[in-house]
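These notes concern the structure reproduced below.
The values are calculated or read from the model by the stated rules, or taken from the named source; none is laboratory data. These figures come from a predicted structure and were not determined experimentally. Quick reminder, even Gly has a Cβ in these numbers, built from the backbone with ideal geometry, and neighbours come from all protein chains shown. Areas reflect the complete protein model, heavy atoms only, side chains present, ligands, DNA and RNA absent. Shrake-Rupley method; radii C 1.70, N 1.55, O 1.52, S 1.80 Å.
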Amino acid sequence: MSKQIYITRKIPEAGLKLLKEKGIDFDMGVSKLAPSKKDIIKALKKKPYDGVISFLTDTIDKEVFDACPTSKIFANFAVGYENIDTKIAKERGIEASNTPGTSAEAVAEHTVALMFALTTRIIEGDKYVKSGKYKGWDPELLIGSDMKGKTIGLIGGGQIGTKVAQMLHNGFDVNIIYNDVVPNKELEESFKVTRKEFIDVIKESDIISLHCPLLPCTTHMINKEVLSKMKKTAFLVNTARGPIIDENALVEALKNKQIRGAALDVFEFEPKLARGLSKLDNVILTPHIASARENARNMMSEIAAKNIISVLETGKAINSVIK
Ligand code: GLV
């Protein structure tokens, strides 16, 4: 009997093609919105699926594993995989995988775009013109801040942090510092980035950009106290994971002009926003689209499919996240 897998939401054809070439049948969820855990469990109970392609919006925990005891792998269509209970997967000998390296370029570009959107006040300018407020050139209108000479603080010196550093180092006259529990010599040497204590990055940076995974130790890493240590003129950018910031504390800090502004692509209670966030003028919000590029999505689709194929053929995932 041919192998069959379940894909919780539509993925690009690139990955489906690889599955078809291997004769792997698949059923795919049709909902545009993220399915609930109940929906996933219901779908998985229909057939003895051999594997599952899941998304970061899917909770993959004990109950989901119970609903599909035949599945040998949960292949996440994402770089992050905090939605999968890897501890239970390991206990049960189930593989889990992610799609590393697929979105670093896109996320880094989005991050740099958000930095410039903040310093140049492009979004405010767009709203100003479209709302009919523009009555003629005014030398005092929407004064932004220069990027040149600024200190950029990266929290996380992995693939995405390194790409951001590369883009800023090659293109702009800025000073870059970072904090990571693991030193990254390539980042330090190739792009002249200095590793500092977390709190020094917070205190010294004009723009702080988050590039660390969501872990118990990074949850609410940016909280009321940390925000109070940032420069009053500083910006905060988050293209990593929402819960790294205590979003209610950020709303307060932005309201009180304790920091100058923020740009967020991810949210603590995604897709909900903390009360008051969307009413603020000094925040730019994008709907978790930092990796939304055709190329990145196609690569994610292919890598998720390759992990499924690898587990079905060899028992091992190429990009296993089981430690
Ligand atoms: C997107 O946020 C990802 O983890 O790939």
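Considering only residues that are surrounded by fewer than 24 Cβ atoms within 10 Å (Cβ to Cβ) and among the β-branched types (Val, Ile, Thr), which ones fall in segment 65-78? 70 - this is the single residue of segment 65-78 that is surrounded by fewer than 24 Cβ atoms within 10 Å (Cβ to Cβ) and among the β-branched types (Val, Ile, Thr). Picking from residues in segment 21-66 that are within 21 Å of residue 78 (Cβ to Cβ) and part of a strand (DSSP E or B), the one that is nearest to the chain's Cα centre (by Cα) is 54. Checked against the criteria, residue 298 counts as within 21 Å of the chain's Cα centre (by Cα), farther than 20 Å from residue 241 by Cβ and within 16 Å of the ligand (Cβ to nearest atom). Without any contact (Cβ under 8 Å) to a residue 24 or more places away in the chain and either open to solvent by less than 40 Å² (accessible area, probe 1.4 Å) or away from the ligand (no atom under 16 Å from the Cβ) (or both), is that true of residue 252? Answer is no for this residue.
As for segment 262-273, it holds at least one residue that is open to solvent by 10 Å² or more (accessible area, probe 1.4 Å), more than 16 Å from the ligand (Cβ to nearest atom), touching a strand residue (DSSP E or B) at 6+ places or on another chain (Cβ under 8 Å) and in contact (Cβ under 8 Å) with a residue 24 or more places away in the chain. Cβ-Cβ contacts under 9 Å between residues 6 or more apart (or on different chains), taken from a first residue in segment 126-151 that is touching a residue at least 60 places away in the same chain (Cβ under 8 Å) to a second residue that is in a loop (DSSP other than H, G, I, E, B) and among the hydroxyl-bearing types (Ser, Thr, Tyr), are listed as 145/233.
Looking at 133, 163, just one residue is within 18 Å of the chain's Cα centre (by Cα) and farther than 25 Å from residue 248 by Cα, and that residue is 163. If you go through segment 7-21 and pick out every residue that is closer than 17 Å to residue 71 by Cβ and open to solvent by 20 Å² or more (accessible area, probe 1.4 Å), you end up with 1. Looking only at residues in segment 281-297 that are assigned to a loop (DSSP other than H, G, I, E, B) and either acidic (Asp, Glu) or loosely packed, with under 15 Cβ neighbours inside 10 Å (or both), the one that is modelled with the lowest pLDDT is 281. Of everything in segment 67-81 that is away from the ligand (no atom under 12 Å from the Cβ) and within 22 Å of the chain's Cα centre (by Cα), the residue that is nearest to residue 38 (Cα to Cα) is 74.
Among the conditions (1) out of contact with any strand residue (DSSP E or B) (no Cβ under 9 Å at 6 or more places or on another chain); (2) within 21 Å of residue 232 (Cβ to Cβ), residue 149 misses just one, which is (1).
When you look at residue 101, is it surrounded by 12 or more Cβ atoms within 10 Å (Cβ to Cβ) and at pLDDT below 95, yes or no? Steps first, please.
Numbers: surrounded by 12 or more Cβ atoms within 10 Å (Cβ to Cβ): yes; at pLDDT below 95: yes.
So residue 101 fits the description; yes.
Within segment 82-112, being away from the ligand (no atom under 16 Å from the Cβ) and either without any contact (Cβ under 8 Å) to a residue 24 or more places away in the chain or within 30 Å of residue 259 (Cβ to Cβ) (or both) holds for 87, 91, 93, 112.
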